[in-house]
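Taking it in order: structure first as structure tokens, then the write-up.
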Amino acid sequence: MVKIRSSDITPQHMCLSRRQFMAGGVSALVGGLLGSGCAAQDGRLPTADGGSVPPDDTLTSLEAITGYNNYYEFSLDKEAVARAARDLRTSPWTVEVGGHVARPRTYGIEDLLKLGQEERIYRLRCVEGWSMVIPWLGFPLAALLKQVEPTAQGKYVRFETLYDPDQMPGQRNPAFPWPYVEGLRLDEAMHELTILATGLYGEPLLPQNGAPLRLVVPWKYGFKSIKSIVRIELVEEMPVTLWMAAGNGEYGFWANVNPAVPHRRWSQATERRIGESGRRPTLLFNGYAEEVAHLYPDLDRREWYY
Ligand SMILES: Nc1nc2c(c(=O)[nH]1)N[C@H]1C(S)=C(S)[C@@H](COP(=O)(O)O)O[C@H]1N2
Ligand SMILES: [Mo]
């Protein structure tokens, strides 16, 4: 198991992000981490009560990241998703980027790979109370948005997953208003931590993780990180997400991680880190408060956290 300090996850993301991915997979990744010249920092992360927790984040295994998935288009059984999604056709793949932009454009996935592949090691915290640490490959969403030039009316970004019930049998389940839709406010979308991921552990994404392109917003609950994106649209009004429409009022637009704000049916104070026994405290903004708290004036407003 690769041992990393939480200080290597972020606040050192700027440092990590500058380092380009090297071929050769995990060993190169570890070599890169050790040899990157990123100075060690005090890795203590703030908790909701103002205390701190020891820095002991460790990369989750590739087996767990690719074998324990939420992807309702394929299965509601996390351990059945990988097999059910195995044959998803991810090439050719196009992503339409439009709405309130000066330069709408349809990208082939190969065009998007040219925006670069950086490595970002992030915690992923599912609203259900489990978490992982994932070494993503990807590029800042901001790099794509800058190319299409949002206009003044482009206040939110709306994302859509592929709609293809022949390939995605879960989309025949009428309990959900398919396709999966997610959204961000423009400043969240432009934030340095927000990426479009194309790979993990040095390899292209597998279908179960949202191949060929998925969003990653590490300070929000995992359901915001929409998979297998085919459309990105700049819109004026807050988009209605799949979970806002179908989640019985339990899952809102903002979904920022906060251990002090319980879900309607369970506490969010702790989480089960996949691969570990016991539970660990959940961190405000999933440990990224220093980078993102400024986005949310009046931090005590509860609606920021569901
Ligand atoms: N299209 C789509 N995207 C999705 C989901 C989904 O069911 N469909 N599940 C979300 C949830 S709840 C989580 S926790 C993460 C899980 O990502 P992972 O399987 O790569 O760990 O994907 C998110 N993105
Ligand atoms: Mo989730």
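The values are calculated or read from the model by the stated rules, or taken from the named source; none is laboratory data. Bear in mind the structure is a predicted one, so any value in this text is a computation, not a measurement. FYI the Cβ positions are ideal-geometry reconstructions off the backbone, even for glycines, and counts take in every protein chain you see. These area figures cover heavy atoms from the full protein model, side chains too; ligands, DNA and RNA do not enter into them. Shrake-Rupley method; radii C 1.70, N 1.55, O 1.52, S 1.80 Å.
All of (1) more than 16 Å from ligand 2 (Cβ to nearest atom); (2) closer than 22 Å to GLY199 by Cα; (3) open to solvent by less than 30 Å² (accessible area, probe 1.4 Å); (4) of a type in the set (A, V, I, L, M) hold for VAL101 with one exception: (2). For LEU141, the criteria (1) open to solvent by 10 Å² or more (accessible area, probe 1.4 Å); (2) touching a helix residue (DSSP H, G or I) at 6+ places or on another chain (Cβ under 6 Å) hold in every case but one, which is (1). Considering region 78-105, and only residues there that are over 15 Å from THR161 (Cα atoms) and within 20 Å of the chain's Cα centre (by Cα), the residue that is farthest from ligand 1 (Cβ to nearest atom) turns out to be GLU79.
Checked against the criteria, GLN153 counts as at pLDDT 95 or above, open to solvent by 30 Å² or more (accessible area, probe 1.4 Å), more than 9 Å from ligand 1 (Cβ to nearest atom) and in a loop (DSSP other than H, G, I, E, B). Considering GLU291, GLU271, GLU237, GLU250, the condition of being open to solvent by less than 50 Å² (accessible area, probe 1.4 Å), part of a loop (DSSP other than H, G, I, E, B) and either over 18 Å from VAL127 (Cα atoms) or in contact (Cβ under 8 Å) with a residue 40 or more places away in the chain (or both) is satisfied by GLU250 alone. All conditions in (1) away from ligand 2 (no atom under 16 Å from the Cβ); (2) under 18 Å from LEU205 (Cα atoms); (3) open to solvent by less than 20 Å² (accessible area, probe 1.4 Å) hold for TYR122, with the sole exception of (1). Can you tell me which residue is surrounded by the most Cβ atoms within 10 Å (Cβ to Cβ) among those in region 194-218 that are of a type in the set (A, V, I, L, M), in a loop (DSSP other than H, G, I, E, B) and touching a helix residue (DSSP H, G or I) at 6+ places or on another chain (Cβ under 6 Å)? The extreme case among them is VAL217. I'd like to verify a number: residues in region 63-81 that are part of a loop (DSSP other than H, G, I, E, B), under 18 Å from LYS224 (Cα atoms) and not hydroxyl-bearing (Ser, Thr, Tyr), how many? Final tally of qualifying residues: 6.
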